[in-house]
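Structure first, then comments.
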Amino acid sequence: MAAHDASDFVDSDFESAHPASVPASSPDAPSGSPRPANRPPTGEEIEAMVSQKHIKLAELKRAQEELERERAALEELRRRQMEFQTGRAEMLQHLTRGIGLLEEAELTARRESDQMTRTLGEFRQAVSKVQSLNEQLWTQDNFSVELTRALTTLENARMEWNSARLKFAILSDVPPVPSAPAAAKASLFPPANTDLLQLCKIGFALSLPLVLLGLAILVVLLLRR
């Protein structure tokens, strides 16, 4: 009987169409081979996944901190920009109003300065005119004319003074110069701050001549009887 080779019973066409399946894994398979889909992860794999999550969390934390710093910088920039805009508007308003007030005050001060300059000139002229009045140079012939001229000069000087007191507050502390009739009339009355005792003395002094005159008349009448 002839001997047969094992290859004589192998159908090469069948094997090429249906290759032999290789098992996914075996207990004796090396560690680098893929594990089955249903096999639970090992401890080493879990540790590796935990480490990866920690790394991702650290990266996310660093990214969050960077975003927080950027947000804080943007908020500070926005605050400074708002401060700039508000400060610019405020200062423009204050400075514009201040310019208007100072210009008005400068114009008023310039007017007052001009008025003061004119008043100083008028005062100097009035002083010169009053100082030039010298009654010792008057004669009997021109006495009336010179007296009238002198009184007119004094009245003009008094009008200049009273007009200046209304314009300049610094002159209000100086007591006004009364006219001649007013001064004569004021001399007949005691000062306003005189107390009762002084008023009584003044009244007694004023009435004493009348009392003595009445007594003298009464004595004369009695002697005639």
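With a point put 7 Å past each Cα toward its Cβ, work out how far A48 is from L74 in nm, to one decimal.
Taking the two extended label points, one gets 3.9 nm.
How much length, in nm to one decimal, is gained on full extension between T148 and R110, taken as 0.36 nm per residue of separation minus their Cα-Cα distance?
That works out to 9.8 nm of additional length.
At 7 Å along Cα-to-Cβ for each site, give me the label-to-label distance between H94 and A58 in nm.
Distance between label points: 5.3 nm.
For the range 55-65, take each phi angle, set θ = phi - 60°, evaluate the Karplus expression 6.51 cos²θ - 1.76 cosθ + 1.60, and give the result in whole Hz per residue in order, putting x for glycine and proline.
Result, ordered by residue: 5, 5, 4, 4, 5, 5, 5, 5, 5, 5, 4 Hz.
For S128 paired with L67, estimate the spin-label separation in nm (one decimal), with each label point 7 Å from Cα along the Cα-to-Cβ line.
The answer from the label model is 9.1 nm.
Laboratory data are not the source of any read-out in this text; all were calculated from the coordinates shown. Everything numeric in this text was worked out from a predicted model, so none of it was measured. In this analysis, Cβ positions are derived from the backbone assuming ideal geometry, glycine residues included, and neighbour counts consider all displayed protein chains.
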